[in-house]
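*Asks:* Let me give you the structure first, and then I'll get to my questions.
A short reminder: the numbers here are calculations on the coordinates, not readings from a lab. Quantities reported herein were computed from a predicted structural model and do not represent experimental measurements. All Cβ positions, glycine included, derive from the backbone under ideal geometry; neighbour counts span all protein chains shown.
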Amino acid sequence: IKEIKIVFLLPGHTYMPVDSVHASIERFVKDKTVWASSEWATLIRNARINPKPIEVKQLAYSDFYNWKYEADNSYILPKVLKDIDGNIIQISKVRYFVFSRLNLDSEDYNLHSINIHAYFSYNPDCKPKTFKLKDGRNKKVSRSTTEVIAKKLYKETIAISKEKYNDLIKLCTSGIIPNEFHEEYLQMRNSSKTQDRLQETDEEDETVSLK
């Protein structure tokens, strides 16, 4: 890969193809009862027929990596981003980055580098700020040529709170949840140390000023 483009989309102002997929799923499950999380993969696949069923890739806890740790502790990226003129780049104002690998054909690793263009507008005529990644904290190791092997984020399945587990089991023993789904709930890890969290929402607070 010689070039990677990372675009930061604006909430509420951008349409993506995935939006239509979400809409199809919402319409399909609107009047359906979902007894267990294991049903979701099949429901999502069947939410669309044309041009083809939605492709679903199911992930396990072992599929997640701790990239935040790498970002905070590795020498791949500097703590403060500055362009080639020494100006600090504010990440919150960047609309997209373009990463380009340079001198890949050279056998001299010291010549390898990553050229990064930071764009502060979606306008194609926008002039970017440029900065480079080259030498790491260890001068014998180049940021751009070091392979990063991220650690696994989880060692086991995530536990739910003991209170939530007890509530789910009550729904099973009372017959509200059908028998065929009981084993799935009985196998759930739970812990008294796990705290329930309120569901996050992407809805904007109407009281926030847009000025």
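*Asks:* Starting from the Cα-Cα distance between Lys52 and Asp85, subtract it from 0.36 nm times their residue separation and give me the gain in nm to one decimal. Write out the running numbers ahead of the final one.
*Replies:* Values: separation 33, 0.36 × 33 = 11.88 nm, distance 5.05 nm.
Extra length from Lys52 to Asp85 when fully extended: 6.8 nm.
*Asks:* So what J values fall out for the range 28-44 if you push phi through Karplus, 6.51 cos²θ - 1.76 cosθ + 1.60 with θ = phi - 60°, rounded to Hz, Gly and Pro as x?
*Replies:* With coefficients 6.51, -1.76 and 1.60, one gets 5, 9, 3, 10, 10, 9, 10, 8, 8, 5, 5, 7, 5, 4, 5, 4, 5 Hz.
*Asks:* Take the residue pairs Lys93/Lys164; Lys2/Lys93; Lys5/Lys57; Lys2/Lys68; Lys57/Lys155; Lys68/Lys93 and return only those whose Cα atoms are more than 29 Å apart. Show your work: numbers first, answer last.
*Replies:* Working: Lys93/Lys164 41 Å; Lys2/Lys93 25 Å; Lys5/Lys57 24 Å; Lys2/Lys68 24 Å; Lys57/Lys155 21 Å; Lys68/Lys93 21 Å.
Going by Cα-Cα distance, Lys93/Lys164 fall outside the 29 Å limit.
*Asks:* Could I ask something else about it? Order the peptides 113-122, 3-12 from the highest to the lowest mean number of other Cβ atoms within 10 Å of their residues.
*Replies:* Numbers: 113-122: 17.4, 3-12: 10.3.
Most protected by this proxy first, the peptides run 113-122, 3-12.
*Asks:* Another one. What distance in nm separates the two pseudo spin-label positions at Tyr154 and Asn166, each 7 Å out from Cα along the beta-carbon direction?
*Replies:* Modelled inter-label distance: 2.4 nm.
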